[in-house]
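First up is the structure itself, then whatever we jot down about it.
The values are calculated or read from the model by the stated rules, or taken from the named source; none is laboratory data. Computed from a predicted model, the values in this text were never measured in an experiment. So basically every Cβ, Gly included, is an ideal-geometry build from the backbone, and we count neighbours across all protein chains shown. Accessible surface areas use protein heavy atoms only, side chains included; no ligands, DNA or RNA. Shrake-Rupley method; radii C 1.70, N 1.55, O 1.52, S 1.80 Å.
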Amino acid sequence: MKRILLFVMTNLAVVVVLGVVASLLGVNRYLTANGLNLGALLGFALIMGFGGAIISLLISKPMAKWTSGVRVIDGSGSPDERWIVETVRKFADQAQIGMPEVGIFEGDPNAFATGAFKNSALVAVSTGLLQGMTREEVEAVIGHEVAHIANGDMVTMTLIQGVMNTFVVFLSRVIGYAVDSFLRKNDENSSGPGIGYYVTTIVLDIVLGFVAAMIVAWFSRQREFRADAGAAQLMGHRQPMINALARLGGMHPGELPKSVAAMGIAGGIGKLFSTHPPIEERIAALQNAQQQ
């Protein structure tokens, strides 16, 4: 439940906070004495919707390092560290992307990839993953994360989140204006938005934000199947990825910070808000593709 709340509240926070700041600064100029300026509102919604999503993307790598306690490695340390770096380099060359930064963080089995650009991303694996899996299984997990980068999943998720945020901002304010107009239809001396507008907008920002979070989570689950298939392609066969998923299914996946939870190898509780499909479905998808 904690993961669900963190995931949803992260998405809602951008819209709500920016909305409050905009109201305090008097930016809501699209509400005029003559009615609702839909063109101005759409522009406002686009800035609000994509602003936070893009900022989150740009700071994703330093935030991931800080919140996860990632220790960046360059291959000059232990033999295991050299192997991890060389594995990432091998897959990056195969995927034709720039060499990502490589890191290790303390915790239960998990891994993630993040970064705003394909050629300057970050791949990090946990100590629990390294200790609980065979080298071939770890290699498959690393391939999964490199596939995320090669597929441009970080940018794709940012665009989807931006579109969802835009709809939330736009619809909540249109409906808020309609409710406010209805409540004050006999008040000829009123000007500007009233209490009905503000209350309705805040409530709908939250309610529609939950709906948006479910849609974003659905896209995230589809993206996981693609990354699994990408790992199988990088490995040359599907069985290592199947084995890695099966092994992960018998472990307790580590919690990732909300800023990178959607990019992990596993995670998410609750069907509608989960960023990852069930392990069984992911294994079945790989097995079906192998048979075909």
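Restricting attention to the range 93-112, and to residues there that are open to solvent by less than 30 Å² (accessible area, probe 1.4 Å) and part of a strand (DSSP E or B), which single residue is nearest to I149 (Cα to Cα)?
Checked the range 93-112; the qualifying residue nearest to I149 (Cα to Cα) is F112.
Take the conditions without any contact (Cβ under 8 Å) to a residue 12 or more places away in the chain, surrounded by fewer than 17 Cβ atoms within 10 Å (Cβ to Cβ) and either touching a strand residue (DSSP E or B) at 6+ places or on another chain (Cβ under 8 Å) or closer than 30 Å to G209 by Cβ (or both) and apply them to A178. Does it pass? If you could, list the steps in order and put the result at the bottom.
Numbers: without any contact (Cβ under 8 Å) to a residue 12 or more places away in the chain: yes; surrounded by fewer than 17 Cβ atoms within 10 Å (Cβ to Cβ): yes; either touching a strand residue (DSSP E or B) at 6+ places or on another chain (Cβ under 8 Å) or closer than 30 Å to G209 by Cβ (or both): yes.
Against the criterion (without any contact (Cβ under 8 Å) to a residue 12 or more places away in the chain, surrounded by fewer than 17 Cβ atoms within 10 Å (Cβ to Cβ) and either touching a strand residue (DSSP E or B) at 6+ places or on another chain (Cβ under 8 Å) or closer than 30 Å to G209 by Cβ (or both)), A178 qualifies.
Taking M164, is it open to solvent by less than 50 Å² (accessible area, probe 1.4 Å), under 17 Å from L57 (Cα atoms), part of a helix (DSSP H, G or I) and touching a strand residue (DSSP E or B) at 6+ places or on another chain (Cβ under 9 Å)?
no
How many residues does the range 119-128 contain that are without any contact (Cβ under 8 Å) to a residue 24 or more places away in the chain and either buried (at least 24 other Cβ atoms within 10 Å of the Cβ) or within 13 Å of L248 (Cβ to Cβ) (or both)?
Qualifying residue count for the region: 0.
Among A140, A150, A45, which is buried (at least 19 other Cβ atoms within 10 Å of the Cβ) and modelled with pLDDT under 90?
Step by step, each of A140, A150, A45 is checked, and only A45 is buried (at least 19 other Cβ atoms within 10 Å of the Cβ) and modelled with pLDDT under 90.
What pairs come up if the first residue lies in the range 199-214 and is surrounded by fewer than 14 Cβ atoms within 10 Å (Cβ to Cβ), the second is in a helix (DSSP H, G or I), and their beta carbons are under 6 Å apart, counting only those six or more places apart or on different chains?
none
Give me a count of the residues in the range 124-143 that are touching a strand residue (DSSP E or B) at 6+ places or on another chain (Cβ under 9 Å) and within 14 Å of A231 (Cα to Cα).
The qualifying residues number 3.
Among the residues of the range 66-80 satisfying the criterion of being more than 17 Å from M99 (Cβ to Cβ) and within 27 Å of the chain's Cα centre (by Cα), which is most open to solvent (accessible area, probe 1.4 Å)?
In this case the residue turns out to be W66.
Take the residues in the range 217-232 that are open to solvent by 70 Å² or more (accessible area, probe 1.4 Å) and touching a residue at least 60 places away in the same chain (Cβ under 8 Å); name whichever of them is farthest from A113 (Cα to Cα).
So, considering only residues that are open to solvent by 70 Å² or more (accessible area, probe 1.4 Å) and touching a residue at least 60 places away in the same chain (Cβ under 8 Å), the one farthest from A113 (Cα to Cα) is F219.
Check off (1) in contact with a helix residue (DSSP H, G or I) (Cβ under 8 Å, 6 or more places away or on another chain); (2) farther than 30 Å from R238 by Cα for K185 and give me the number that stays unchecked.
(1)
Looking at this structure, is K90 open to solvent by 20 Å² or more (accessible area, probe 1.4 Å) and at pLDDT 95 or above? Lay out the reasoning, then the answer.
Numbers: open to solvent by 20 Å² or more (accessible area, probe 1.4 Å): yes; at pLDDT 95 or above: yes.
Here the answer is yes, as K90 does meet what is asked.
For A246, are the conditions met, namely being within 18 Å of M133 (Cβ to Cβ) and either part of a helix (DSSP H, G or I) or at pLDDT below 85 (or both)?
Against the criterion (within 18 Å of M133 (Cβ to Cβ) and either part of a helix (DSSP H, G or I) or at pLDDT below 85 (or both)), A246 qualifies.
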